[in-house]
Structure formats: C-alpha cells, structure tokens
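Take a look at the structure below.
The values are calculated or read from the model by the stated rules, or taken from the named source; none is laboratory data. Just so it is clear, the structure is predicted and the values come from calculations on it, not from any experiment. Glycine gets a Cβ as well: all are built from the backbone with ideal geometry, and neighbour counts include every protein chain shown. Only protein heavy atoms, including side chains, enter the accessible area calculation; ligands, DNA and RNA are left aside. Shrake-Rupley method; radii C 1.70, N 1.55, O 1.52, S 1.80 Å.
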Amino acid sequence: DIINMSLGDASAPPPSADPHARAIQNAAASGVLVVAAAGNEGPGARTIASPATLPSVLSVGMTTNSRFFFALLRVSAQQPVPPALAVVPALAGTEPTQTGPFGPAPLVDVTALDSSGLACPPSADLPGGVTLPANSLNGRVALVQRGICFFRDKVRNVANAGAAAVVIYNNLPNSQPLLMDTTGGQIPSISIGNRQGFELRSFVARAGETQITFDPELASQPDRPDVLVSFSSRGPIPGSDLKIKPDVLAPGQYILSAVQTTNPSGELFTSTGFSLQRGTSASAPMVAGAAALLKQAKPRLTVEEIKSLLVNTADPVTASEDGAEISAQNAGAGRMNVLAALTATFRAEPV
C-alpha cells in the first residue's frame, strides 16, 4: 500500500528518461503511495533530489526532534572555565570506535599551524590545502573547524602531525554537533557545535594551557522541536517553473532506530540493535508510517487523498536552524500532524 524511498539523486535524468520515475508513476496509478526523502543538500535553493521532485510523490523534508542524544566534552584550565564551556555537548566520529573516556589531554587551536583553521590537506581539488608539520601536534588534541574537505581528511592530517585526538566544531551558525563519518580514522575524533567551538577557541587564546576530557557515552537531552534543519533540501524543483517541493516535514534528527545485529561488516550494524539516525532518510519513514495509519483507518482513500490529508493538515513551522525565512519552498506545508490528518473533514487536490 505504501512505498518509502529513503534515497535520492540530485543528478537524476529527466522523468521521461528515468526508470525510477516511470516505476513511481506506475505505482501511483495503481493506488500505491510513494513517499520519498527530500535530500540532505540544504540550505541552498533547488537542492531537492529525485525521486522527491516527482509530482506524484509525497516529498519529505526534516525538522528537529524534541530531544537529542549527546556525549560530553569537559574543559579544564588553570583559569576559571565559563559554565557554557565546562561541559560541552559532543558526538564521537564513526572510526575508530571509542569505547571509553579519553583524556585529560592538552587542547591546541590548529590556527597556530594553519591560518584557515580547517586542517585540510592539499589535494587535486584543493591545491591550497596545508600539510601540518610532522610532530607539530605531538600528544595534543587539535581544535579544527568544519568545512571545505572531508572529516576523514582533517583527521588524517592532524594524526600525521602527531595529534592524540581532534575536536571539530561546526561551521554553520547556531548549529549542533554532527554525526561525522571518519572512516579510516587513526585517532579519536569529537564533534561540537558552532557557538561552543568559537568560544573554545577564544578561551584557549586567553587561558593558554587547556585540557579536555571526552566521554563518548550518549545521554538524552531536551531540544526545541519543529525547527527546519539547516541541511534539509529545498525547492523549487530544479529546472521547473517554481514548482513547490518538499510537500511536508517530519522529525529526522536523532532518531533512535532498530538496525541489524547479524552482519558486523554490513550496513547499519550495531551490537545493541539500535542506532541514532539523522537525515531526511529518517523523516520520510515517519510520513510513510502516518500514511499507513490513514490507509488502515480509511481503506478507500486514494493516493491523492492521503497526500492531501497529510499535507493540508500540517502544522506551520516558524523557525529554521540557519535563520532562513520559512517558505513553502523550504518547509512545504509544515510538520505533519497525524491526528489532524485522521480527523480532517476536507480534502483538496492538488495539495
């Protein structure tokens, strides 16, 4: 009855030449609703990916959840540490796996070695990168800004300079720590938010010797819900006459979800059977599940009617992580409200 597609391709061919598009159109014509993730390429305009661009698809962007899961980074120094820096929300990089606390270890701002603060090594795509001198970070934790190159490249660069670990702070204003892909990382890596990163840089500059300790164990903390996430892909549909997408938003931040436990080398494996997921690939299944509830309650609903009920009863979203003005082209109709969709007394086509 419902197909969820937590996938997408911004460079997909036109619908007339795309077999995915033909299959989805055939499904819709057969009475099967297709729900698709909008993509994680925001905040720029026209970043929504196929198949979420198709008119027949219910396209889903992403809002914050009502809570997040963070580990804790602790800061100490001979000078008093500001309360906002004493305990900082953080997340560990994916590799190497951190099974216990790290530190205390001295923290150094990498701008002392690389004026950009990015620690991006030279490459064919980035000839202006900087190779950090050997042994320049021996036994220290490097404080690095996100941006320009992959996380794993930053980690490798500071590790080759002798760093014991790396703290990477987000480069987007008011943004939170990121779930960093540090595949192949040789040293522990830690992500912190934008504001805390700049405040930590300023503190190190005036306090001198600063120590950090990191405990990777995650704990739930309350957060402001229903905020448009900065990297949720935006409309209008590329190449279109300002056609509106996404259709609706759903929570996609820090979704604690079941994953497989049988194949350690396979995708989405943890020994506990649960993992934190983040992205429109997590918000789309929320909407697919809601559509299934509507279909169960009212089996005669058509694809168009289910779309109408979920989109036209959504709650308005009034804030975005990156400060962007809310519009239909980045938030659709707002965050879905399943109970309102179930009890609605009208349907409108198109949505």
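Numbers below:
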quantity: Subset of segment 122-150 (residues that are crowded, with 20+ Cβ neighbours inside 10 Å, in a loop (DSSP other than H, G, I, E, B) and of a type in the set (Val, Ile, Thr)); calculated: none
quantity: Pair list, Cβ < 9 Å and 6+ apart or interchain, from segment 10-29 residues that are over 25 Å from residue 306 (Cβ atoms) to residues that are open to solvent by 80 Å² or more (accessible area, probe 1.4 Å) and of a type in the set (Asp, Glu); calculated: 10/41
quantity: Unique match (being farther than 25 Å from residue 170 by Cβ and not polar (S, T, N, Q)) among 89, 96, 19; calculated: 19
quantity: Subset of segment 239-262 [at positive phi and surrounded by fewer than 18 Cβ atoms within 10 Å (Cβ to Cβ)]; calculated: 239, 242
quantity: Residues satisfying the stated conditions in segment 291-315, i.e. touching a residue at least 40 places away in the same chain (Cβ under 8 Å), in a helix (DSSP H, G or I), within 19 Å of residue 245 (Cα to Cα) and hydrophobic (A, V, I, L, M, F, W, C); calculated: 291, 303, 306, 310, 311
quantity: Condition check for residue 47: touching a Lys or Arg at 6+ places or on another chain (Cβ under 7 Å), polar (S, T, N, Q) and open to solvent by 10 Å² or more (accessible area, probe 1.4 Å); calculated: yes
quantity: Candidate set from segment 263-287 (those that are open to solvent by 60 Å² or more (accessible area, probe 1.4 Å) and among the small types (Gly, Ala, Ser)); member that is farthest from residue 37 (Cα to Cα); calculated: 271
quantity: Residue match in segment 39-48 (condition: over 27 Å from residue 212 (Cβ atoms) and basic (Lys, Arg)); calculated: yes
quantity: Conditions (1) closer than 30 Å to residue 10 by Cβ; (2) β-branched (Val, Ile, Thr); (3) buried (at least 20 other Cβ atoms within 10 Å of the Cβ): number failed by residue 32; calculated: (3)
quantity: Only one of 90, 119 that is open to solvent by less than 30 Å² (accessible area, probe 1.4 Å) and either touching a helix residue (DSSP H, G or I) at 6+ places or on another chain (Cβ under 6 Å) or not hydrophobic (A, V, I, L, M, F, W, C) (or both); calculated: 119
quantity: Top-ranked residue of segment 57-84 - restricted to ones that are hydrophobic (A, V, I, L, M, F, W, C) and either surrounded by fewer than 20 Cβ atoms within 10 Å (Cβ to Cβ) or in contact with a Phe, Trp or Tyr (Cβ under 6 Å, 6 or more places away or on another chain) (or both), ranked as farthest from residue 351 (Cα to Cα); calculated: 77
quantity: Qualifying residue in segment 306-329 (condition: on the phi < 0 side of the Ramachandran plot, open to solvent by 60 Å² or more (accessible area, probe 1.4 Å) and of a type in the set (Val, Ile, Thr)); calculated: yes
quantity: Contacts under 8 angstrom Cβ, first residue in segment 122-135 being more than 17 Å from residue 151 (Cβ to Cβ) and in contact (Cβ under 8 Å) with a residue 24 or more places away in the chain, partner polar (S, T, N, Q) and surrounded by 12 or more Cβ atoms within 10 Å (Cβ to Cβ), 6 or more apart; calculated: 131/157; 131/160; 134/160
quantity: Among (1) under 30 Å from residue 319 (Cα atoms); (2) open to solvent by less than 30 Å² (accessible area, probe 1.4 Å); (3) outside any loop (DSSP other than H, G, I, E, B), the one test that residue 198 misses; calculated: (2)
quantity: Residue among 73, 7 that is in contact with a strand residue (DSSP E or B) (Cβ under 8 Å, 6 or more places away or on another chain), touching a residue at least 12 places away in the same chain (Cβ under 8 Å) and closer than 18 Å to residue 192 by Cα; calculated: 73
quantity: Qualifying residues in segment 165-191 (those that are assigned to a loop (DSSP other than H, G, I, E, B) and free of Cβ contacts under 8 Å to residues at least 60 places away in the same chain) - the one least open to solvent (accessible area, probe 1.4 Å); calculated: 170
